[in-house]
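The values are calculated or read from the model by the stated rules, or taken from the named source; none is laboratory data. Note that the structure is predicted; figures quoted are calculated from it, not measured. Here Cβ is always computed from backbone atoms with ideal geometry, including for glycine, and neighbour counts include all displayed protein chains.
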């Protein structure tokens, strides 16, 4: 949703989703194709509430924690579980990259993410 509370026309998604997707695609070096596809899948599957009002750093961190919860819930050692863990790792790493680009307080971001890990 925009600051005025409107959704991006025709998408049903807040603008932060499109902005974050474009930011992910701009990363250099690009992730391997399978990981890039999983990251796009994670973003597409995320509920709007997860991304609402989030900076890129917050969005990446929240998505990473959500994917980590998915991986833990799987309770298996399949290739799918491994890809979930790789995606979680990549998203949390991107959270710190985005925070650095945004000039955000990295310590505060770490504290917020760690607080969410316990929930």
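Overview of results
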item: Number of the exception - residue 31 against (1) farther than 12 Å from residue 91 by Cβ; (2) part of a loop (DSSP other than H, G, I, E, B); (3) modelled with pLDDT of 90 or more; result: (1)
item: Residues (assigned to a helix (DSSP H, G or I), more than 16 Å from residue 83 (Cα to Cα) and over 10 Å from the mean Cα position of the chain (by Cα)) located in segment 45-57; result: 48, 49
item: Test result for residue 37, without any contact (Cβ under 8 Å) to a residue 40 or more places away in the chain, surrounded by 15 or more Cβ atoms within 10 Å (Cβ to Cβ) and not in a loop (DSSP other than H, G, I, E, B); result: no
item: Condition check for residue 99: under 23 Å from residue 15 (Cβ atoms), surrounded by 15 or more Cβ atoms within 10 Å (Cβ to Cβ) and without any contact (Cβ under 8 Å) to a residue 60 or more places away in the chain; result: yes
item: Single residue of 66, 21, 88, 82 found to be under 24 Å from residue 110 (Cα atoms), crowded, with 17+ Cβ neighbours inside 10 Å and modelled with pLDDT under 95; result: 66
item: Selected residue [in contact (Cβ under 8 Å) with a residue 40 or more places away in the chain, part of a loop (DSSP other than H, G, I, E, B) and either in contact with a helix residue (DSSP H, G or I) (Cβ under 8 Å, 6 or more places away or on another chain) or farther than 18 Å from residue 18 by Cα (or both)] from 60, 104; result: 104
